[in-house]
Amino acid sequence: MTPHRTVFTIADPTAPRQRPSDASAAIEIMNSGNAAYAGRGTEGTYEVTVDPEAFGVPRTPGTTIRQEPLAATLSCSDARVPMEQLFGRFTNDLFVTRVAGNVPSPDVIGSLQFAESYLPSVKAIVVVGHSSCGAVTAAVDSVLKPTTHVASLDNPELGNIVATIIPSVRMSVSAITEVHGSHASESASYRTSLIDVGILANAAVTAMALAEQIDREVFFGVYDLSTRLVGIPGPDGTRGGLHSAPGTEADLRALLSTAARALSL
Ligand SMILES: [Zn+2]
């Protein structure tokens with residue numbers, strides 16, 4: 001197999017910095033960047049043209065770069081989910097907040113409110129969950145085995161993250177039970193399935209909470225570690241890319257129901 005190579009080409013440094021004019025343009029840039037990211041890495045040579053500021057070098061020597069991210073993100077601290085890389089972005093492209101389980105803690109909300117209020121280049125607020133999330137897994141195990149949760153209270157900060165995710169897990173339990181019946185919990189793949197739906201629910205609920213707190217449309221998606229694509233479940237399979245947060249509780253329930261129907265239990 002030919003080793004993979006990615007070649008970076010710096011765009012014309014005298015050209016003005018290209019920035020999206022609205023949310024849909026920002027989301028399109030991120031979605032196409034993720035598609036490109038998912039497509040490379042195993043073999044072949046890819047040429048990527050990047051802004052002169054991509055590696056932190058200012059256009060004018062001796063100056064500093066003015067902060068101009070196109071989007072603000074909330075994602076998990078998981079080392080396998082670097083926001084800039086998986087969206088094909090670089091320095092000064094994203095205002096990134098990361099916390100285990102991508103939970104909307106007060107500091108995170110404050111950081112995103114700062115981006116919303118003081119960075120006019122920010123055209124979209126985005127929440128990204130990811131498959132195999134350890135924080136959601138801990139919340140699922142707390143629901144399935146309450147003694148685990150009680151033990152986690154020895155560490156109140158960690159317990160707080162888990163407690164924030166538990167309502168999303170409980171909604172996922174309801175969605176799976178409604179679709180597959182009460183015996184679904186006896187399936188060997190029930191825990192794994194609950195983690196998958198819980199990850200989706202946690203990202204969607206967080207995006208809904210942020211939309212309410214920041215009073216702005218918020219987008220969300222789940223990054224799949226195996227395909228390296230961001231998407232959410234749809235009636236006909238995965239709907240690729242980032243999507244608007246559910247607008248109502250009914251929309252959220254419909255989303256989780258769709259995810260539950262895709263399960264083999
Ligand atoms: Zn995680």
>> I'd like the full set of residues that are under 30 Å from residue 116 (Cβ atoms), modelled with pLDDT of 85 or more and of a type in the set (S, T, N, Q), limited to segment 1-46.
In response: 21, 24, 31, 32, 34
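Just for segment 183-217: of the residues that are more than 30 Å from residue 114 (Cα to Cα), among the aliphatic types (A, V, I, L, M) and surrounded by fewer than 24 Cβ atoms within 10 Å (Cβ to Cβ), which one is nearest to the chain's Cα centre (by Cα)? Explain how you work it out, then say what you get.
Residues of segment 183-217 more than 30 Å from residue 114 (Cα to Cα): 183-197.
From the residues that got through so far, the ones that are among the aliphatic types (A, V, I, L, M) too are 184, 188, 194-195, 197.
Cutting the leftovers down to surrounded by fewer than 24 Cβ atoms within 10 Å (Cβ to Cβ) gives us 184, 188, 195.
Values: 184: 28, 188: 28, 195: 15 Å.
Applying the filter and picking the extreme gives 195.
Would you point out which residue out of 47, 53 is out of contact with any strand residue (DSSP E or B) (no Cβ under 6 Å at 6 or more places or on another chain), more than 16 Å from the ligand (Cβ to nearest atom), in contact (Cβ under 8 Å) with a residue 12 or more places away in the chain and more than 16 Å from residue 230 (Cα to Cα)? Walk me through it before giving the result.
Values: 47 fails: out of contact with any strand residue (DSSP E or B) (no Cβ under 6 Å at 6 or more places or on another chain).
Of the residues listed, the single one that is out of contact with any strand residue (DSSP E or B) (no Cβ under 6 Å at 6 or more places or on another chain), more than 16 Å from the ligand (Cβ to nearest atom), in contact (Cβ under 8 Å) with a residue 12 or more places away in the chain and more than 16 Å from residue 230 (Cα to Cα) is 53.
Where residues in segment 107-140 are charged (D, E, K, R) and in contact (Cβ under 8 Å) with a residue 24 or more places away in the chain, which of them is farthest from the ligand (Cβ to nearest atom)?
Just the residues of segment 107-140 that are charged (D, E, K, R), to begin with: 107, 116, 123.
Now narrow it down to the ones that are in contact (Cβ under 8 Å) with a residue 24 or more places away in the chain: 116, 123.
Details: 116: 24, 123: 26 Å.
My answer is 123.
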>> Given the criterion of a type in the set (Gly, Ala, Ser) and either touching a Lys or Arg at 6+ places or on another chain (Cβ under 8 Å) or farther than 22 Å from residue 108 by Cβ (or both), identify the matching residue among 254, 201, 245, 211.
In response: 254
> Just for segment 235-260: of the residues that are in contact with a helix residue (DSSP H, G or I) (Cβ under 7 Å, 6 or more places away or on another chain) and within 17 Å of residue 23 (Cβ to Cβ), which one is surrounded by the most Cβ atoms within 10 Å (Cβ to Cβ)?
Replying inline: 242
>> Just the residues that are out of contact with any Lys or Arg (no Cβ under 9 Å at 6 or more places or on another chain) and closer than 18 Å to residue 263 by Cα, please, taken from segment 148-177.
In response: 168, 169, 170, 172, 173, 176, 177
>> For segment 58-106: of the residues being buried (at least 23 other Cβ atoms within 10 Å of the Cβ) and of a type in the set (D, E, K, R), which is nearest to the ligand (Cβ to nearest atom)?
In response: 89
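The values are calculated or read from the model by the stated rules, or taken from the named source; none is laboratory data. The structure displayed is predicted, hence computed values, not measured ones. Counting neighbours? That spans all protein chains shown, and the Cβs are built from the backbone with ideal geometry, glycine included.
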